[in-house]
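Inspection log for the structure reproduced underneath, given as structure tokens.
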Amino acid sequence: MTQPKTILASAAALMALAVVLGALGAHALQSQLNPSQLASFETGVRYQAWHCIAILALHSLPVNVLATTTKKRISIMFLIGIILFSFSIYILNTRYLLGIEDSAGLLGPITPIGGLFFIAGWIWLAMSLLRNKPESL
């Protein structure tokens, strides 16, 4: 199974990438994308950054609040969400620049699947926290 160190390193690397992509969107892509595409691209960056921060915060919770295995599983849900949701948004909005105009039909359904991974991770976290005995918190 994936080690927490690997998950945290992945979150940190994806956070750095979110900063790079945010800067790319704000500067280089501003003149290349229409306002709707740019807003969508920025949504991908925002969700990527939020979920990277969530992974890092999740692993800072003590084990008596949330088990290590649960932290890893929720983190993996968030990482899959980032890849499916954010990366499909990046590709969908830059497909003309990338020369893959016909990919919208293939990539379009991937975005909501990534969103479902985000939602599932958050629900899993809420349920796991509620299941803990009050004296352990």
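Taken together, the values in this text are just the output of simple stated rules run on the coordinates, not laboratory data. Being a predicted model, the structure only gives us computed values, none of them experimental. Because the Cβ atoms are built from the backbone with ideal geometry, glycine has one as well, and the counts that use them run over all protein chains shown.
Tabulated values for the structure
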{"quantity": "For region 68-137 and region 4-49, distance of Cα centres in Å", "calculated": "14"}
{"quantity": "Whole-Hz ³J(HN,Hα) from phi, Karplus 6.51 cos²θ - 1.76 cosθ + 1.60, for region 34-46, glycine and proline x", "calculated": "6, x, 5, 5, 5, 5, 5, 4, 5, 4, x, 4, 4"}
{"quantity": "R0 of 30 Å, Cβ-Cβ distance His27-Leu56: FRET efficiency to nearest 0.05", "calculated": "0.70"}
{"quantity": "Label-point separation in nm, Asp102 to Val20, each point 7 Å along Cα→Cβ", "calculated": "3.0"}
{"quantity": "Net length gained if the chain between Ala120 and Asn132 were fully extended (0.36 nm per residue, minus Cα distance)", "calculated": "2.5 nm"}
{"quantity": "Degrees between helix 68-81 axis and first principal axis of the chain (Cα, 0 to 90, nearest 10)", "calculated": "10"}
{"quantity": "Tilt relative to the chain, helix 4-26 - C-alpha long axis, 0 to 90 degrees, to 10", "calculated": "30"}
{"quantity": "On Cα atoms only, tilt of 87-98 relative to the major axis of the chain in degrees", "calculated": "10"}
{"quantity": "Difference of contour (0.36 nm per residue) and Cα-Cα distance, Ala9 to Asn64", "calculated": "17.5 nm"}
{"quantity": "Peptides ranked, highest mean first, by Cβ atoms within 10 Å: ranges 14-21, 40-47, 107-114", "calculated": "40-47, 14-21, 107-114"}
